[in-house]
């Protein structure tokens, strides 16, 4: 078994169905990979849908109570039998060559390597003012194909050797909300000598019609997670600046996002920009409202004692050593 494609999912049955369908028809030997749905406590019939799928590629469903993305990915890791573990989101629709593009970076004997793939916004999701305006946020980040910075890693389309994941202990399940568990894992793996490679041919489409309210809730969680992340690693300046929570930055952030100086004006402008379809102004308003939610999470978490934060990493190393076929 070469590849275990682990799809983490929570109450996303119909989009997940299409995600699985795109993996079943991969241009990769069907006896050399498996699909694992790591179900984070779904109540929408996900289990029944997955169990009804047949075909030439094994599709397995494993479930846990609702504990968050990091825990779901660890569940998939404990179940995986492949030499390579590819983590995907349930709203990621893979191109037919995705697995082959990842696999090309892992010749026999490969070690201490990980691969970051890419994704596009599916055009069918551009159906609301929010989604249309957000397409103006172009990603101009320069990424090296070899020795990719771990700060450019995201878990939506990311593969690693299973042995390297076992060595680092999997994802930190202290990240119970949205965000940062993938970057934190990448930093830990980089510290152990893992080289990250960027593969633009490992591509797929992100199919998710998001809302401003939903993104704001995710960013509140990400703000709290950023504080946990920074404190866990000893409050290094570089990480604090990357997360935009370094103490030198916080007075200005408080002034902008936690006082009535600017945000009420943006809330007044936004419905007028939406009515006139001024996408650029809409996007600027949306962006600042999203950052406002992020700092709501940040300042709330900073006000709590460290003991009140999430619990630290729960290692999967011991569970993994029971063998590739062990079940949770």
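A short reminder: the numbers here are calculations on the coordinates, not readings from a lab. Predicted, not measured: the structure shown is a model, and the values here were computed from it. Don't worry about glycine lacking a Cβ; one is built from the backbone with ideal geometry, like all the others, and counts go over all protein chains shown.
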Gain in span if fully extended, residue 135 to residue 249, counting 0.36 nm per residue against the direct Cα distance | 38.3 nm
Using alpha carbon centroids, what distance separates the range 1-33 and the range 189-240, in Å?
-> 23 Å
Kirkwood Rh over alpha-carbon pairs of the range 212-308 plugged into Stokes-Einstein at 4 °C, 1.567 mPa s gives a D in µm²/s of 91 µm²/s
By how many nm would the segment from residue 97 to residue 111 grow when fully extended, if each residue of separation counts as 0.36 nm and the alpha-carbon distance is taken off?
-> 2.8 nm
Could you check the simple spin-label distance between residue 104 and residue 287, using points 7 Å along Cα→Cβ, in nm with one decimal?
-> 3.4 nm
Tell me the label-point distance for the pair residue 237, residue 47, using the 7 Å Cα-to-Cβ offset, in nm and rounded to one decimal.
-> 5.2 nm
The simple spin-label model distance between residue 30 and residue 276, using points 7 Å out along Cα→Cβ, in nm, is 5.7 nm
Obtain the radius of gyration and the Kirkwood radius of the range 3-210 from its C-alpha atoms and give Rg over Rh.
-> 0.94
Segment residue 1-residue 262, extension gain: residue separation times 0.36 nm, minus the distance between their alpha carbons = 88.4 nm
